[in-house]
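Beneath this line is the structure, given in structure tokens, with notes to follow.
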């Protein structure tokens, strides 16, 4: 089964976080409800945000894939803990995203990509009480798909 570029990027990031974060940090992949984020004093989650077309010269789509990485820290020093957790998580996320994009380029699933960039960091989410400090950071990656080949006659 072939998976989309955003799916593969997100899956690689989640796998890297699970492998590299210390035991006791709960890692979630696209949680489906706020209730799922209630486990543990330290939580990290990845959520796919969007995948937008930015141009299509010669039918080779240029796209921007966005994803959100969130950290929740429920310690007594929650705000400082969440900030430290995001500082720990950011290099893992960017290295994993660069690695999977390089693999996708090597496999010719994409022709080019830019390194992931952090675009926006927020410190709360409306209508969700996480009972601790929350940081949401948006990352984006621009990439280009190969031009479609004509069907064989």
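The values are calculated or read from the model by the stated rules, or taken from the named source; none is laboratory data. Computed from a predicted model, the values in this text were never measured in an experiment. Note that we place each Cβ from the backbone using ideal geometry, even for glycine, and neighbour counts take in every protein chain shown.
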- With respect to residue 14, is the statement that it is under 21 Å from residue 121 (Cα atoms), touching a helix residue (DSSP H, G or I) at 6+ places or on another chain (Cβ under 8 Å) and surrounded by 15 or more Cβ atoms within 10 Å (Cβ to Cβ) true? no
- Query: Mind checking which residues of the stretch 1-10 are without any contact (Cβ under 8 Å) to a residue 60 or more places away in the chain and either more than 24 Å from residue 109 (Cα to Cα) or crowded, with 16+ Cβ neighbours inside 10 Å (or both)?
  - Reply: 10
- Message: Being at pLDDT below 90 and in contact with a helix residue (DSSP H, G or I) (Cβ under 6 Å, 6 or more places away or on another chain) narrows it down to one residue among 33, 2, 75; which is it?
- Response: 75
- Task: For residue 44, work out the one condition from (1) surrounded by 19 or more Cβ atoms within 10 Å (Cβ to Cβ); (2) in contact (Cβ under 8 Å) with a residue 60 or more places away in the chain it doesn't fulfil.
- Result: (2)
- Message: Please verify whether residue 59 is at positive phi and loosely packed, with under 15 Cβ neighbours inside 10 Å, treating the condition exactly as stated.
- Response: yes
- Looking at (1) modelled with pLDDT under 90; (2) exposed (fewer than 14 other Cβ atoms within 10 Å of the Cβ), which is the only condition residue 22 fails? (1)
- Message: Looking only at residues that are in a loop (DSSP other than H, G, I, E, B) and touching a strand residue (DSSP E or B) at 6+ places or on another chain (Cβ under 7 Å) in the stretch 25-40, which one is surrounded by the fewest Cβ atoms within 10 Å (Cβ to Cβ)?
- Response: 39
- Message: Within the stretch 50-60, does at least one residue satisfy the condition of being closer than 18 Å to residue 116 by Cα and touching a residue at least 40 places away in the same chain (Cβ under 8 Å)?
- Response: yes
